[in-house]
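Data first, discussion second: the structure below is written as structure tokens.
The values are calculated or read from the model by the stated rules, or taken from the named source; none is laboratory data. Keep in mind the model is a prediction, meaning the values are calculated, not measured. Here the Cβ is made from the backbone with ideal geometry for all residues, glycine too, and neighbour counts use every protein chain on show. Calculation scope for accessible area: heavy atoms of the full protein, side chains included, ligands and nucleic acids excluded. Shrake-Rupley method; radii C 1.70, N 1.55, O 1.52, S 1.80 Å.
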Amino acid sequence: MSISILRTADAWWVQTTEGAVRVDTSATTTGELLADRAAGDRDGRHHQS
């Protein structure tokens with residue numbers, strides 16, 4: 001299963017079927033976001049239908 005990640009100037013987002021959900025993370029780089037995978041799993045999978 002793949003997860004689509006979106007980036008804006010001030011936040012990371014997970015794309016869901018209902019729209020984008022903000023990821024609760026302090027990551028500022030893609031590497032940091034990948035290291036904080038629990039944040040993406042928590043925010044993205046919780047909201048998918």
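Quick notes on this structure:
- Matching residues, region 13-26, being closer than 13 Å to Arg37 by Cα and without any contact (Cβ under 8 Å) to a residue 24 or more places away in the chain: Trp13, Val23, Asp24, Thr25, Ser26
- Among the conditions (1) open to solvent by less than 90 Å² (accessible area, probe 1.4 Å); (2) outside any loop (DSSP other than H, G, I, E, B); (3) at pLDDT 90 or above, Gln15 misses just one, which is (1).
- Region 18-38, residues that are in a strand (DSSP E or B) and hydrophobic (A, V, I, L, M, F, W, C): Ala20, Val21
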